[in-house]
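Trainee: Below is one structure. I have some questions about it.
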Amino acid sequence: MNLSELTTLRVGGPADELLEPASADDLVAVAREVWASGDDWIAIGGGSNVVISDDGVPGTVIRIVTRGIEKLAAREGVTLRVQAGEPWDDLVAYTVGRGLAGLEALSGIPGSTGAAPIQNIGAYGQELSSVLDSIEFLDYLSGDLVQLSSAELGLGYRRSVLKGGRPGIVVAVTLRLSENPGALSDPIQYPQLAAALGAQVGDRLPVAEVREAVLALRSTKGMILDPTDPDSVSAGSFFTNPIVSDGFARSLPADVPRWTVAPDDAPAVITPLEAYSPAHLGSPLRAESRGVKLSAAWLIERAGVTRGFRLPGSNAAISSKHSLAIVNTGGATALQIAELARYVQTRVLAAYGVVLQPEPVLVGVHL
Ligand SMILES: Cc1cc2nc3c(=O)[nH]c(=O)nc-3n(C[C@H](O)[C@H](O)[C@H](O)COP(=O)(O)OP(=O)(O)OC[C@H]3O[C@@H](n4cnc5c(N)ncnc54)[C@H](O)[C@@H]3O)c2cc1C
């Protein structure tokens, strides 16, 4: 089977072996067996944040499909233990249906619950990190099933120690959600969402209303998996919003939109200007300096890459609804996706000196 059938971008060649353990116990046993064999392996959930090479992957693909939501005893609020293969949006619908607050703005994100901590999924001002208690993690290095607290995961903007390279498998996720008499949401953080709800930033509205508004907004951007929408054949946003140093941000034209970010999201993008400055050498992240977040979509559009753009002869295109998404218009290869991504990177680098970083995990694909 080609892995393109298991990814939302519909690219990816064959795997030597595909395993789908049916229970959490099986998942642990199967993973340990594969690891003991010394073969190459990768984990995959909903395939919505990966770009897999046209050559496929050598070794075994462990597809995580274990489902289940369990309510744990808690002193306050509601604590849920969720199996890694539970589809994320089914979980959100479950919590919203019970009037629980904490996940409503994360409605409509594709993929599995076990993958949610990998890049600390976020949207419309909410992030997984605000409700994540811990994960059950099968550690590749020790083979042990361990509990890792949210604090141990180093969660930040689209990052975690897991995305950063700690190998293993998320088997289950524990979340702490809140309850209130009016089933009201967390305070709305995002101006566009507030406007869609006829509310102000900081307001709290019924979680069900917030979910509906988020789903409607996402659908206008092709950011919901919808078989009738060709713009949803993507891996979501292809680039993260760059976080650059305060000093570099000052060198940008005044009209470039920017936001100061929390200290834990220190500059993660090395701009060419900084890479070659003597002050920078030997201190790759400059964690002490303030981070400034830029809008990747704005940079892409202003660098002259328009929605719907495609390279001659290619079946990969910029979404016609959202300049951050690269879509497979039908029969695109991973190579074509990568060529378009490189083109976008080059245009933005030439115009603004910023190297956009891919958000999806690249498997055998290089930018
Ligand atoms: C239309 C669309 C909209 C999107 N919108 C958003 C958004 O608003 N915000 C956002 O943050 N993301 C968004 N995404 C990206 C994606 O949905 C999320 O990152 C999601 O969490 C990926 O889940 P998955 O199960 O599909 O992961 P996969 O794509 O299957 O895997 C992604 C990575 O996680 C690893 N992985 C998966 N499951 C496990 C596990 N159980 N244990 C260990 N490693 C694992 C894989 O090896 C891979 O490295 C969007 C994607 C699409 C297609």
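Trainee: At 4 °C and 1.567 mPa s, grab the translational diffusion coefficient of the chain from Stokes-Einstein with a Kirkwood Rh over Cα pairs, rounded to a whole number in µm² per second.
Mentor: 60 µm²/s
Trainee: Straight-line reach only, C-alpha to C-alpha below 24 angstrom: list the lysines that Lys321 could link to, leaving out same-chain residues fewer than 8 apart.
Mentor: By straight Cα distance, Lys321 reaches Lys221, Lys293.
Trainee: Sorted from fewest to most neighbouring beta carbons within 10 Å, what does the list Asp255, Asp26 look like?
Mentor: Ranking Asp255, Asp26 by Cβ neighbours within 10 Å, fewest first, gives Asp255, Asp26.
Trainee: If one puts a single equal scatterer on every Cα of segment 69-220 and applies the Debye formula without solvent, what log₁₀ I(q)/I(0) results at q = 0.10, 0.11, 0.13, 0.21 Å⁻¹?
Mentor: With no solvent term, the Cα-only Debye profile gives -0.34, -0.41, -0.57, -1.33.
Trainee: Putting +1 on Lys and Arg Cβ atoms and -1 on Asp and Glu Cβ atoms, find which of Pro167, Ala183, Phe137 reaches farthest to the positive end of the dipole of segment 69-220.
Mentor: Toward the positive end, the furthest listed residue is Pro167.
Trainee: If one computes the Cα centroid of segment 39-80 and of segment 298-322, what distance in Å separates the two points?
Mentor: Result: 30 Å between the Cα centres.
Trainee: Something else now. To the nearest 20 debye, what charge dipole does the chain have about its Cα centre, counting +1 at the Cβ of each Lys and Arg and -1 at the Cβ of each Asp and Glu?
Mentor: On the way: 28 positive and 40 negative charges, 249 e Å.
Roughly 1200 debye, rounded to the nearest 20.
Trainee: What order do you get for Ser245, Ser23 when you list them from fewest to most C-beta neighbours inside 10 Å?
Mentor: Sorted ascending by nearby Cβ count, the order is Ser23, Ser245.
Trainee: Now for a separate question. Dipole of the chain (Lys/Arg Cβ +1, Asp/Glu Cβ -1, origin at the Cα centre): which of Ser53, Ala105, Thr346 lies farthest to the positive side?
Mentor: Thr346
Trainee: I would also like to ask the following. For segment 3-63, with only Lys/Arg (+1) and Asp/Glu (-1) charged at the beta-carbon, what is the dipole magnitude about the Cα centre, in debye rounded to 20?
Mentor: Dipole magnitude for segment 3-63 comes out near 240 debye.
Trainee: Fewest first, what order do Glu301, Glu33 take by the number of other Cβ atoms within 10 Å? List each step's numbers first, then the result.
Mentor: Values: Glu301 16, Glu33 12.
Going from sparsest to densest Cβ surroundings: Glu33, Glu301.
Trainee: Sorted by average packing, counted as other Cβ atoms within 10 angstrom per residue and highest first, what order do 305-312, 54-61 take?
Mentor: 54-61, 305-312
Trainee: What is the dipole size for segment 115-244, taken about its Cα centre, with +1 at each Lys and Arg Cβ and -1 at each Asp and Glu Cβ, in debye to the nearest 20?
Mentor: On the way: 9 positive and 14 negative charges, 66 e Å.
That gives segment 115-244 a dipole magnitude of about 320 debye.
Trainee: Further question: Where is the GNM fluctuation largest for the chain (alpha-carbon springs, 10 angstrom cutoff): Glu209, Glu136, Glu104?
Mentor: Glu209
Every number here is computed from the coordinates shown, using simple stated rules; none is lab data. What you are looking at is a predicted structure, and each value in this text was computed from that prediction instead of being measured. Glycine gets a Cβ as well: all are built from the backbone with ideal geometry, and neighbour counts include every protein chain shown.
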